[in-house]
Amino acid sequence: MVKFKAIGVSEGLAKAKALVIKEEDLSVVKETVADAEAECKRVLDAVEKAKQQIEVLRDDAEKNIGAAEAEIFDAHLMMLDDPDFVEGMTNIVTDEKVCAEYACFVNCENFQAMFRALDDEYMQARAADIGDISQRVIKNLKGIADNAIDTITEPCIIVANDLTPSDTAKIGGKPVAGFITKIGGRTSHSAIMARSMGIPAIVGAGEKADEIADGDLLLIDGAAGEVVAQPDEQTLADFAERQKADAAHRAMLAQYKDKEGATSDGRRVIIEGNIGTPDDAVRVAELGGEGVGLFRSEFLFMDRTDLPSEEEQFAAYKKACEIMQGKPVIIRTLDIGGDKEVPALALEKEQNPFLGYRAIRICLNQPELFLIQLRALLRAAQYGDLRIMFPMISSVDEVRGAKQVLEQAKDMLTAEGVPFNPNVKVGIMVEIPVAAVCADVLAKEVDFFSIGTNDLIQYSCAVDRINEKISYLYRPLHPGVLRLIAMTAKAANENGIEVGVCGEMAGTAGMAPVLCGLGVTNLSMSASAMLAAKADLAKHSCGECKELADKLLACASASDAERIFTDWRES
């Protein structure tokens, strides 16, 4: 029996066999071959297999996502049918008497260089497609199976070095009971998506995860971060009892599904859900969410080699609105940069990406990109209470600049005779300390605030939230952080606008009363945390929440605040 503890990021208990996903070795070595003809046949076979794989992906994408999403696979198939591309590999094999893998690698570099040299942004972006196609051919040549997640048919707990957002999204349609990763933190994207889907997850396991073998029976506690591999009979019996208790607790929480979020004396706090895809809204609705407080639209842009079209974005936003049936759906405009990459934009690497070219800065610098998204949002707003939120705002100038582009999008749609809703509410993320300090000014420019506590804590405490070495400095209850939240809430309340929290702090156990006491009116979190937040609020009066918040604000240190919070929770 193997036992260890890591970072629990998505609560729940799970029992299943391990599916260990190893890092794929796609390195290529230049090797000479005696039989060039046989090696050319290997190239052609690998290309044919790649075409068959892509055809399956295209059909699945068209069926499950839409025709627009499937178009990228048509482009991949066209390249694999291009004689110049295929003969580029076979010619290298024949002329240099080298192995197929090396020929594929060199051919990829040659074609990518050619596309990048073209004076056309669209064609330059196609270089990434060449990389994807060539990587698939190399996988076939090396006998590496396609993504292991695609082949899952039996219940399992995934064990991997890390999971990309697209990997995690695939899990949603598979019988995956949970996952463990070697790297990551509470605010990593795989963790956020796990909470959205309501599956137990543990990250940051490091080398301890190497002790798990493929097929081992695993027990995991996603809240405590506990992992047991190959448990003995007593451990299995104890775990079964914990599962019974967990089921009873969930049954108790179920009574809050159709209730509004409120304190015991009726002070309303609207409880909403965070989503990364339109389908995530289904779970928010099922668990009694009073709206979507954060739709992370960047997930439509990530882990793909092209940019989503206006039609594709429109369909996604419209679907979320229709699922929520008139309840608010706040959609954050493209928030990339930092730790979130969009290959199609080919952004330059930066020394300080979290302080660099990201989020609203990219959108204002590339209005063509921004206009496509804003047009899609305005059109989708006909189908529900859609609201637009701009991220990483640091000044009034940025707010006014973003609103100006929004007006431009309205003018374009009007001129084209395209139906849209012109009366969309507009808000901003308050996640940079200067935005909190200037909240009284910013509140006059917008219809609502949403405090992004993940970045607010990161910036105000000067701590990289995904750096495990300094994770101890990431303190949501730091008095300075609490004062910034209180300052923002005060400015919002005085100007008659809603103020929400959509960072992970909103869904942390026991934190809803604290944020209520600080003056927050809306809390948006992973769907799995909504019922517990409603239950936490219902136990306390507004006065009790305010008294707790005042005590925390008066603390001299994060340690003092954490001690008071723990004592209050246990009393």
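The values are calculated or read from the model by the stated rules, or taken from the named source; none is laboratory data. Keep in mind that this is a model prediction, so the values were computed, not measured. In this analysis, Cβ positions are derived from the backbone assuming ideal geometry, glycine residues included, and neighbour counts consider all displayed protein chains.
Just a few scattered comments:
- Among the residues of the stretch 260-304, those identified as assigned to a loop (DSSP other than H, G, I, E, B) and farther than 26 Å from Asp447 by Cα are Ser264, Asp265, Asp279, Leu287, Phe301, Met302, Asp303, Arg304.
- Enumeration of residues in the stretch 179-210 that are assigned to a helix (DSSP H, G or I), modelled with pLDDT of 80 or more and either on the phi < 0 side of the Ramachandran plot or not assigned by TED's automatic domain parsing to the domain that holds Ala224 (or both): Ala191, Ala194, Arg195, Glu207, Lys208, Ala209, Asp210
- Residue within the stretch 385-397 that is in contact with a Cys (Cβ under 6 Å, 6 or more places away or on another chain) and under 22 Å from Met324 (Cβ atoms) present: yes
- Restricting the search to helices (runs of 4 or more DSSP H) fully inside the stretch 359-474 and requiring at least 1 residues that are small (Gly, Ala, Ser) and either touching a helix residue (DSSP H, G or I) at 6+ places or on another chain (Cβ under 9 Å) or in the same structural domain as Val329 (by TED's automatic domain parsing) (or both) gives 367-380, 396-416, 433-437, 439-442, 453-461.
- Residue list for the stretch 269-279, filter: buried (at least 20 other Cβ atoms within 10 Å of the Cβ) and farther than 17 Å from Leu523 by Cβ: Gly276, Thr277, Pro278
- In the stretch 78-107, residue nearest to Asp25 (Cα to Cα) [restricted to those that are over 39 Å from the mean Cα position of the chain (by Cα) and outside any helix (DSSP H, G or I)]: Cys99
- Pair list, Cβ < 6 Å and 6+ apart or interchain, from the stretch 343-365 residues that are under 22 Å from Val463 (Cβ atoms) to residues that are of a type in the set (A, V, I, L, M): Ala359/Met392
- Any chance Arg483 is surrounded by 17 or more Cβ atoms within 10 Å (Cβ to Cβ) and either assigned by TED's automatic domain parsing to the domain that holds Ala223 or of a type in the set (Lys, Arg) (or both): no
- Cβ pairs under 7 Å, 6+ apart, first in the stretch 245-273 and more than 22 Å from Arg195 (Cβ to Cβ), second of a type in the set (Ser, Thr, Tyr): Thr263/Ser541; Ser264/Ser541; Asp265/Ser541
- Picking from residues in the stretch 78-114 that are touching a helix residue (DSSP H, G or I) at 6+ places or on another chain (Cβ under 6 Å) and hydroxyl-bearing (Ser, Thr, Tyr), the one that is surrounded by the fewest Cβ atoms within 10 Å (Cβ to Cβ) is Thr94.
- Considering the stretch 381-430, and only residues there that are touching a strand residue (DSSP E or B) at 6+ places or on another chain (Cβ under 7 Å) and among the charged types (D, E, K, R), the residue that is surrounded by the fewest Cβ atoms within 10 Å (Cβ to Cβ) turns out to be Lys403.
- Any hit, the stretch 5-14, residues being in contact with a Lys or Arg (Cβ under 9 Å, 6 or more places away or on another chain) and free of Cβ contacts under 8 Å to residues at least 24 places away in the same chain: no
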